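Have a look at the structure below before the remarks.
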């Protein structure tokens, strides 16, 4: 009986020690888990902050892109409106000029063009080109000019050019060309007209 009691005490002692070790290990594992959780919480918070900051930057970039695209679209729309207005204005001008072909004012304009262009090209014979409908008028003006000033050496080309009106003068060797057509004059005015229309659209005029 005494032997059994000693064995029971030994077993109880061993179990008590194992229980203590087990509790200690469980407690240690628990503390480690708390530490890991706290560490993970810090990492998660940092990751959350990084994600939010990244999303904010992407939103800002998208906003700038949208604003930039809107401004570009508005600018393109303005340019389109300006170009359409310019083209419409000059189309009306072309119609009016075409209708004035037989008027005395048009004859005076062509006469002034010929005198100025011949003088600009310089010495030697010059060749004058014009459209088909103006050929007789240009020939008559050149003949009248040569009567007043025999030193004027000019002849009207049999080759017609596709222009609204006016003339194109070339030196005999073709090295110098003076474009004094109505079409070229209109084109030279376009940049100024575009600027004026754009200023009107912006309320600057």
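Bear in mind that the values in this text are calculations on the coordinates, not laboratory data. Nothing here was measured: the structure is a model prediction, and the numbers come from that model. Using ideal geometry, Cβ is built from the backbone for each residue, glycine included, and neighbour counts are taken over all protein chains shown.
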Sticking with the crude label model, points 7 Å out along Cα→Cβ, report the distance from residue 74 to residue 105 in nm, one decimal please. 4.1 nm
Which percent, to the nearest 5, of DSSP beta bridges fully inside region 102-193 are antiparallel? 75 percent
